[in-house]
Amino acid sequence: MDTARELDNRNRADDDAAKPLIDVEERSMQDTPYPEKTVGKPFVDAPKMKLRHVNVFYADNQAIHDVSLDIGKNEVISLIGPSGCGKSTFLRSLNRMNDTIDICRVKGELHLDDQDLYDPKLDVVELRARVGMVFQKPNPFPKSIYDNVAYGPRLHGLADKKYDLDEIVENSLRSAGLWNEVKDRLHSSGTGLSGGQQQRLCIARTIAVSPEVVLMDEPCSALDPIATAKIEELIDELSESYTIAIVTHSMQQAARVSHRTAYFHLGRLIEVNDTETVFTKPEHELTEAYITGRFG
Amino acid sequence: MSETTAKVRKSLARRYRQEKRFQAYGILSIGVGLLALLILFTDIIGKGHSAFFEHYIQLEISLDRDVLGVDDASDDEQLNYANFGGVIKEALRERFPGVDDRQQQRQLYALVSSGASYNLRDELKADPSLLGGTRNLWLLADDDVDLYLKTPEKKRPEARLGDQQKQWIEDLEAAGDTEKRFNASFFSHGDSREPELAGIGSAIVGSFFTMIVTLCLSFPIGVAAAIYLEEFAPRNKFTDFIEVNINNLAAVPSIIFGLLGLAIFINLFGLPRSVPLLGGLVLTLMTLPTIIITSRAAIKTVPPSVREGALALGASKMQVVLHHVLPLALPGMLTGSIIGMAQALGETAPLLLIGMVAFIVDIPGGPTDPATVLPVQIYLWADSPEQSFVAMTSAAIMVLLAFLITMNTLAVVLRKRLERRW
Ligand SMILES: Nc1ncnc2c1ncn2[C@@H]1O[C@H](COP(=O)(O)OP(=O)(O)OP(=O)(O)O)[C@@H](O)[C@H]1O
Ligand SMILES: [Mg+2]
């Protein structure tokens with residue numbers, strides 16, 4: 001299908017632009033062997049999402065190699081790694097957004113609680129209501145602020161009465177820290193907001209359907225430091241009620257918001273540890289090379 | 001001044017000259033285009049404006065019961081068979097006494113249009129008390145008389161009328177018994193052999209029905225095809241093949257569609273000829289590629305991020321299309337459709353082949369009544385020998401152009417209006 005192809009062409013164009021030139025250091029690092037198994041603590045007790053032996057292919061090209069990882073309940077896990085290492089690909093397989101790409105195939109066992117994500121009997125609509133996603137570029141619908149937030153609840157019939165819907169919209173906007181800024185212009189266009197406000201609107205839109213897991217793919221990369229700080233604060237608050245997986249290029253951000261950090265390298269999950277450990281005493285050489293800025 | 005600077009200066013001068021020349025070419029070509037348009041419009045308006053008026057002659061008419069053969073003016077049956085021609089002839093003989101020669105009489109009678117009888121009947125119907133009395137009434141003049149009165153003084157001697165007739169007309173004019181009125185019948189009448197009675201009414205109505213049929217078929221089909229191809233169709237040889245052929249179809253000469261319509265709709269399905277339904281079907285075939293191509297282009301402009309956002313919230317593919325893609329693409333689709341419709345409105349060739357070139361007097365009452373359309377009417381009149389039809393052809397062209405300009409303006413306005421939500 002045309003659209004999907006176009007979608008990912010554009011995504012890839014973005015990624016290419018972000019890709020730094022390979023430097024000498026990296027070439028020498030390429031000799032460092034991958035660990036047999038992910039080092040650190042990829043597994044937790046009573047995980048929200050249990051992912052085992054995940055392999056993702058774009059046609060014949062394997063983008064994710066045998067990744068196993070748990071995402072704990074109410075934890076914020078950040079996925080870091082050099083550009084093109086498959087963070088987005090991995091994240092998108094968690095709510096089956098990869099389905100929109102014709103050539104993309106996902107293999108492995110992926111569970112949300114006890115639900116097999118790739119069970120053919122599972123309706124992806126239901127899955128996506130449980131696993132929401134916020135994108136790199138703020139993408140509010142060209143509709144009013146109210147309609148943006150109300151879209152998901154309406155879609156899933158979460159509110160019977162106008163009154164209930166109003167409440168959901170208000171609560172979501174409050175949780176996203178946007179209510180005070182927009183309460184007087186709920187019916188003006190969502191595209192008329194600033195970039196940071198738009199991104200918070202997208203977050204409000206995502207949590208309006210009360211998902212259990214929220215996936216964020218570089219949610220702050222298009223924002224200035226102040227808007228970024230607001231979103232980071234927001235992530236912190238949201239972690240009380242949601243499980244969050246966030247892809248980020250900013251190591252400071254990963255350090256600030258996340259409980260655990262997963263380091264990806266060329267499609268492999270190298271190391272998962274408590275955020276503090278990763279940034280102070282990384283176990284694997286590749287992780288260390290990355291966080292000390294030797295490549296990536 | 002360093003060497004480089006000098007070189008740059010020199011090349012700059014050349015660059016500016018080039019730019020100037022380029023701009024001049026652009027202005028020149030726009031000028032040529034505008035000039036052509038101006039010439040076209042002046043020519044058409046100059047020729048056609050007179051057709052919007054027609055002349056009436058005032059005569060003192062005695063509505064004699066015996067001559068008319070009517071004894072009850074409220075009886076429609078009687079009025080339909082009444083001898084209005086007789087009373088008009090009598091009135092003319094009275095107005096210009098001493099015309100005894102048969103030949104001359106016939107010339108005299110020719111001053112008044114054959115349609116004047118209908119004038120008279122309508123007057124009498126409206127006011128039955130006129131029967132038996134004598135009244136000054138205005139009657140529609142014959143087209144030659146009309147033309148003569150419209151020609152400026154200087155050129156009149158060249159007119160194609162007998163000297164005697166010219167004298168009579170001058171007399172009437174001098175006595176103030178001629179009047180120029182707005183030609184309302186031009187818009188309400190169907191075609192006629194008599195230019196003063198002919199109008200574009202039936203052609204407009206025919207065009208209207210044809211356009212309705214075309215719109216009702218081509219818009220939904222075109223939009224549905226575009227959405228399917230753009231959003232749902234798998235990418236393979238087969239859809240590529242379809243795509244190439246849609247583009248080819250857009251380039252097929254319109255007369256081919258007429259032949260197709262003739263072969264399929266008339267010969268195979270046995271549809272009646274000359275009806276707007278058939279015309280609409282043929283024009284649908286013709287406009288479909290345009291609508292599909294513009295609609296697909298409109299769908300392509302919908303940002304992928306919006307689709308992703310909706311999908312991630314759990315919208316199904318169909319919902320993404322209905323809630324997001326369609327509303328955003330609609331202005332583009334509408335614009336494309338209106339432009340396609342405007343093309344269809346001006347189309348002649350395929351309609352000639354399916355018999356919409358017939359001589360239609362009655363105003364069609366629906367899409368299955370025989371009808372003609374505006375451009376075909378223009379084609380028919382342009383072919384007519386009567387001189388009065390020259391002006392009427394131009395007048396009909398003006399009306400057609402007015403419709404086309406309105407539609408194109410509508411397309412632009414609509415696009416501006418709806419795009420603001422974007
Ligand atoms: N739609 C696609 N079709 C084919 N290959 C793709 C597609 N999307 C990603 N890939 C490939 O998969 C690999 C991983 O890409 P991905 O976008 O997941 O990287 P990323 O870690 O998110 O990078 P970045 O940090 O730059 O966003 C890359 O080699 C990329 O070229
Ligand atoms: Mg990415």
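The values are calculated or read from the model by the stated rules, or taken from the named source; none is laboratory data. Please read all numbers here as calculations on a predicted model, not as lab measurements. Please note: Cβ atoms are built from the backbone with ideal geometry, for glycine as well, and neighbour counts cover all protein chains shown.
For the range B:255-287, a residue qualifies if it is within 17 Å of B:M341 (Cβ to Cβ) and of a type in the set (G, A, S), and the qualifying residues are B:G279, B:G280.
Selection within the range A:32-70: residues that are away from ligand 1 (no atom under 16 Å from the Cβ) and β-branched (V, I, T). The member of this set that is nearest to the other protein chains (Cβ to nearest Cβ) is A:V44. Here B:V205 fulfils each of the conditions (1) crowded, with 21+ Cβ neighbours inside 10 Å; (2) in contact with a helix residue (DSSP H, G or I) (Cβ under 8 Å, 6 or more places away or on another chain) apart from (2). Look at A:P153 and say whether it is within 14 Å of chain B (Cβ to nearest Cβ), within 21 Å of B:V325 (Cα to Cα) and within 18 Å of the chain's Cα centre (by Cα). So A:P153 does not fit the description; no. Of all the listed residues (A:A17, A:A4), the sole one being more than 18 Å from the chain's Cα centre (by Cα), at pLDDT below 90 and within 15 Å of ligand 2 (Cβ to nearest atom) is A:A17.
Those helices (runs of 4 or more DSSP H) of the range A:73-190 in which 2 or more residues are away from ligand 1 (no atom under 16 Å from the Cβ) and in contact with a Phe, Trp or Tyr (Cβ under 7 Å, 6 or more places away or on another chain) occupy A:145-156, A:162-175. If only residues of the range A:75-92 that are of a type outside the set (A, V, I, L, M, F, W, C) and within 14 Å of another protein chain (Cβ to nearest Cβ) are counted, the one that is nearest to ligand 2 (Cβ to nearest atom) is A:S88. Among the candidates A:T248, A:T243, A:T206, the residue that is out of contact with any His (no Cβ under 7 Å at 6 or more places or on another chain), among the hydroxyl-bearing types (S, T, Y) and within 16 Å of ligand 1 (Cβ to nearest atom) is uniquely A:T248.
If you check B:R156, B:R193 for being within 25 Å of the chain's Cα centre (by Cα) and of a type in the set (K, R), only one passes: B:R193.
Within the range B:111-129, can one find any residue that is over 33 Å from the mean Cα position of the chain (by Cα) and surrounded by 17 or more Cβ atoms within 10 Å (Cβ to Cβ)? Yes, the conditions are met somewhere in the range B:111-129.
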